[in-house]
Structure formats: C-alpha cells, structure tokens
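Just below is one structure, and these are the notes that go with it.
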Amino acid sequence: MASSILVIASRDLKRFWSYKFWLAGQVVMNVADIVIFGLLFNNMVNRSLIPDYIKFVTPGILSLALFISSFSIGREVGVELRREVTDYLLSLPVSRLELVLGRFVGGAFRGLIYQSGFLVLAMLLVGQPSPAAWLVIAYTSILLSLAMSGLSIALSTVTRDFNLQATIRSVVYYMLFFFSNIFYPTQVVSMRFGPLAPFVAYSPLSIATTLYRWGFGYLRDVDVVSNMLLLGVWTIVLLILSSVIYLRNLTRRG
C-alpha cells in the first residue's frame, strides 16, 4: 500500500516542478511579505504588542508558504475532473483509497519542500529552535500540509464548472488566509473580530502559526500540547471529509 501511495504522490510532485514561474512568483511574494510588512509596520505597530514585527510575521509566513503550496494541487485535480482524466486514474492498478491518499501525500510533499527554504530564513531572522522545538515544527508542518492538500482537492471536485470551482476555492482560501493570526497579534484579533475571535484563534492556520512562533522562540506562553492536539483533530477531520468528498466526486458522472 505504501509503495502505491508513493508512486501516486511522486507523479504529483514531478508535475509541481513544471510550474517554475509560478514557484518563482510565490517565493518572491512570500519574501516580499516579510520585507515589506516588516519594514512598513516595524516602526508603526505598538511595541508593547509586537516588539519586532519581522520576527512576529516570519513564522506566520511559514504557515502561509505551506498553505499556498499545498493548496496548489487542487487546481490540477479540478482540471483532471473537467477533462475526465479521472477515468484514467480509476483504471490504475491501485485501490481508490491508495489513489486518494497518494494525491493527499503528493500535495503535502509540495508544501513541505516549498516551505523548507523559509525554515532556513526563519532561523536567520527569528532564532534557532531547540531539538524538541524542531519536533513540534515538523509535526506542525506535516499535519498542516496534509490538511490543506486534502481540503484543496476536495473543494476542486465539488463541481465541474471552472468558474464555480475557482470561486469556491478562492472564498475558502481567503477566509483561511485573512481570518488568522498570521499578520495580527492576539490582542488585535480580539479587538477586530469581537465574538468571532475564538474561531480565528482556533483555525488551523492560526494554530500552526502559534506553534511556529513558539518553536522559533518568539512566544513562550503557549500551551503546546493543546495546540498540537487541536491541529491533529483539524487534520483528521479535514482528511476524512476530503476523502469522502473526493471519492464521491471522482466516480460521479455528469
């Protein structure tokens, strides 16, 4: 089973490298987020909330980079569905569960590889994690990449209509992107979102960002175990739902 999953995943990973210009654009955009936001807001934000905005936002960019790259596989799955490439995939000598898991793992690999360079940048800008912190960081990256890969694939199979596909994916994408603590501290989230603040704090991207900030030493007062458990629950729920949706839509006609 593991070998079949890796074969499917390697197929998706090979296609990932064909998007050289998209990858270059994403790298520039994510680095620009750190530079522009850091330079622009470092002397504007309340120092009692954020002493150093560059160190604050860099772990958030780790979540953002992983999210964007893992989410990219959804576009390809949507194209496959419209072009009926799914008929070929279903004819492969693998079980449907292996096919689904292979696609999820392929998307996760994309995210982990893309994020690796930003991990090095985070070490240079924020700090060197301890061995125990590296384990938490690795756990966070693996689970978040799997969850976002599965979610992206599921959303892209809800309909065969290209415009509706793009709309659904964009709405979910930007909700996860903006309703998070990537760019805002907890106090600002509480002020801006009011009663919705708890939902923002417990979104998968916010949980991952909090764990990254703890791992790189920016935050100390973090309940690491609870956040890891919550991220694990999010991942399990999203993967189960995504598997059910993808399998149903993979075999649906019309």
Rounded to the nearest 500 deg cm²/dmol, what is the calculated helix-only ellipticity per residue at 222 nm for the chain, with -39500 (n - 2.57) per DSSP H run of length n ≥ 4?
-25500 deg cm²/dmol
Under a point-charge model restricted to the Cβ atoms of Lys and Arg (+1) and Asp and Glu (-1), what is the dipole moment magnitude of the chain relative to its Cα centre, in debye to the nearest 20?
440 debye
What are the semi-axes of the equivalent ellipsoid for region 2-250, taken as the square roots of 5 times the Cα gyration tensor eigenvalues, largest first, in whole Å?
32, 18, 18
PRE reach from residue 7 (point 7 Å along Cα→Cβ): which of region 88-104 fall under 16 Å by backbone N?
88-103
Anisotropy class of region 122-220 from Cα gyration tensor, a/c 1.5 cut:
oblate
Cα gyration tensor shape for region 173-254, rounded if a/c is under 1.5, else prolate or oblate
prolate
Give the relative contact order (percent, whole number) for region 95-244; include only Cα pairs under 8 Å separated by 6+ residues.
33 percent
Pair residue 116, residue 170: separation of 7 Å Cα→Cβ label points (nm):
3.4 nm
Cβ density ranking, 10 Å radius, fewest first, applied to 134, 234 yields 134, 234
Can you give the charge dipole size of region 58-103 about its Cα centre, rounded to the nearest 20 debye, using +1 on the beta carbon of Lys and Arg and -1 on the beta carbon of Asp and Glu?
100 debye
Can you find, among 137, 64, 193, the residue sitting farthest towards the positive end of the charge dipole of the chain, where Lys and Arg contribute +1 and Asp and Glu -1 at Cβ?
64
Taking a spot 7 Å from the Cα of residue 85 along the direction of its beta carbon, which residues of region 231-247 have an amide N less than 18 Å from it?
246-247
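Every number here is computed from the coordinates shown, using simple stated rules; none is lab data. Note that this is a predicted model, so its numbers are computed, not measured. Glycine also receives a Cβ, built like all others from the backbone with ideal geometry; neighbour counts cover every protein chain displayed.
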